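Reading through the structure tokens given below for one structure.
The values are calculated or read from the model by the stated rules, or taken from the named source; none is laboratory data. Predicted model only: the values in this text are computed from it and were never measured. Quick reminder, even Gly has a Cβ in these numbers, built from the backbone with ideal geometry, and neighbours come from all protein chains shown.
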Amino acid sequence: MKLSLSVITTLILAQLTVCLAQSAQPMVRSKTVSLNDHRTAAKIDAYIQAEMRRYKVPGVSLAVLRAGKISILKSYGLANVELAVPVKPETIFQSGSIGKQFTAAAVMLLVQDGRLSLDDKISKHLPDTPDTWKDITIRNLLTHTSGMGDYPDEINLRGDYTEDQYLEIFKRLPLNFAPETSWDYSNVGYVTLGILISKLTGKFYGEFLRERLFVPIGMSTTRVISEADIVPNRAAGYRLVNGELKNQEWVSQSTNSTADGSYYVSLLDMAKWDEELTRDFSSPDRSNRVFTRATLEQMWTPVKLRDGRVKGYGFGWFTGTIHKRRMVFHGGAWQGFKSYIIRFPDEELTIIFLANSWNTNDFKLARGLISIFHPEFAFHTFQPVEDRDPKITTLFHRVMMQLKNGKVDKESFTSDLSSSEAAKVRDMLNSLSLPVAIVHLAELTEQRNENGLRVNKYVLTDIGQTLVCTLKVTRDDKIAAIELTRQ
């Protein structure tokens, strides 16, 4: 997931509050809205507006599609706070990692063309690859099973790099595991796919996508990010710093043009994307669509590891059956933006939202929207509390990530955490769709003292489950106990 963590005046913040209040009657445009959808839309309004207030989100764009056609189309709040520009269906947001599906689609178009195979070693298409890459395949890059990790510290997000420079840095990195033996979300893997597409086609991957995907299916405004170009209807991205709204942080153009999720998208274009994914293969107008049935089936097939374990990830999509419903979905987070697409293929139902705040709790927002249609996804209500001791929360984030990776820093604990306890925490964290993001979105719901210990309780919300973590910490900042339970 692409991640990145200008002063807004008191007058602007007041204006934001007014404009959010004015959006209580949000814009609704749809082709066909049934009476049931009008009732559903009212529930959506109430939920999204409550979440926007809670997390101080300036703007949200949302669509519900049935059988590839827009059923509910909503716009809330502001695309640009400083200019008081409202969100509308044409508003352009940054995609974050939902854009990985477009990169995966470009690869699959090359597979359909017969120009590469999913089981090709990447050394066949990239020059001078290191020996550690000899077993990495195209499929491994698509499914996050290559062993490549995230961006190394060596890469400065404000520095410019050519594709060849990126590749040379990646070649020097050790793999986290042997290919196909484990799963770990890898932005580097998708950046490498973009470079591979360029090498194979002789075109920048974004240009190849424009010609072969975006133009053919009518995604007229989708493109790779460029802050230099004039982009009509472009939203601004925001973040909170000590509770105060700030503009997104700046990154370089090369950072903003890699294939791990650097796209401009509008809700209307995302609806065109969903229509392409939904269209009936037996229909006469299917002949001019870009994907074959086999391509879509492969994109949504969970990856199987070498030891037989299955991870719910296909090609740019999380996939699985949750609460007895088959789903494919993905979120995105980048430079002051959050996004989500959730598809129920068997029911031909899709929910998409785009938001312009880094502080949007995208997993919680997605799950709450799903629960309006499928109540079994509903989570127990909980009320976040003010964090009076943020040092504990920082400790919580660090230790949970260590446990997720199977590494225990003994100095953080009053005594050694038993291997069975560590394994239980690790397994439960890894059952989440994206542990790193979810842990950092965990919400503090209780803070108290108990027998000389400081007790913090956090709620971690995934797309289909909720974990509650109770952390007990001594006065000298050592963890005395850590309990993780499913709610």
**Request:** Kindly list the number of the only condition in (1) among the aliphatic types (A, V, I, L, M); (2) farther than 27 Å from Pro435 by Cα; (3) buried (at least 22 other Cβ atoms within 10 Å of the Cβ) that fails for Leu213.
**Result:** (3)
**Request:** State whether one or more residues within segment 271-288 are assigned to a strand (DSSP E or B) and at pLDDT 95 or above.
**Result:** no
**Asked** Within segment 326-383, how many residues turn out to be more than 20 Å from Arg53 (Cβ to Cβ), surrounded by 22 or more Cβ atoms within 10 Å (Cβ to Cβ) and touching a Pro at 6+ places or on another chain (Cβ under 9 Å)?
**Response** 2
**Given (1) in contact with an Asp or Glu (Cβ under 8 Å, 6 or more places away or on another chain); (2) not in a loop (DSSP other than H, G, I, E, B), number of the condition Thr360 does not satisfy** = (2)
**Message:** Anything in segment 163-189 that is surrounded by 17 or more Cβ atoms within 10 Å (Cβ to Cβ), small (Gly, Ala, Ser) and assigned to a loop (DSSP other than H, G, I, E, B)? List them, or say none.
**Reply:** Ser182, Ser186
**Asked** Does segment 151-164 include one or more residues that are under 18 Å from Leu209 (Cβ atoms) and not acidic (Asp, Glu)?
**Response** no
**Fill in**
Of (1) modelled with pLDDT of 95 or more; (2) crowded, with 17+ Cβ neighbours inside 10 Å; (3) part of a loop (DSSP other than H, G, I, E, B); (4) not aliphatic (A, V, I, L, M), Phe291 fails just (1)
**Message:** Condition check: acidic (Asp, Glu) and in contact with a Gly (Cβ under 7 Å, 6 or more places away or on another chain). Does Asp184 satisfy that?
**Reply:** yes
**Request:** May I ask you to list the residues in segment 190-224 that are under 23 Å from Leu277 (Cβ atoms) and assigned to a loop (DSSP other than H, G, I, E, B)?
**Result:** Val215, Pro216, Ile217, Gly218, Met219, Ser220, Thr221, Thr222
**Asked** What number of residues in segment 361-388 are within 19 Å of Lys43 (Cβ to Cβ) and out of contact with any Leu (no Cβ under 8 Å at 6 or more places or on another chain)?
**Response** 15
**Prompt:** Which one of these does Gln298 not meet: (1) touching a strand residue (DSSP E or B) at 6+ places or on another chain (Cβ under 9 Å); (2) of a type outside the set (Ser, Thr, Tyr); (3) under 23 Å from Ser182 (Cβ atoms)?
**Reply:** (1)
**Request:** Would you tally the residues in segment 305-328 being assigned to a strand (DSSP E or B) and either in contact with a helix residue (DSSP H, G or I) (Cβ under 7 Å, 6 or more places away or on another chain) or under 16 Å from Ala67 (Cα atoms) (or both)?
**Result:** 4
**Request:** Mind listing just one residue for me: the one in segment 126-162 that is buried (at least 19 other Cβ atoms within 10 Å of the Cβ), of a type in the set (A, V, I, L, M, F, W, C) and within 20 Å of the chain's Cα centre (by Cα) and, of those, modelled with the lowest pLDDT?
**Result:** Met148
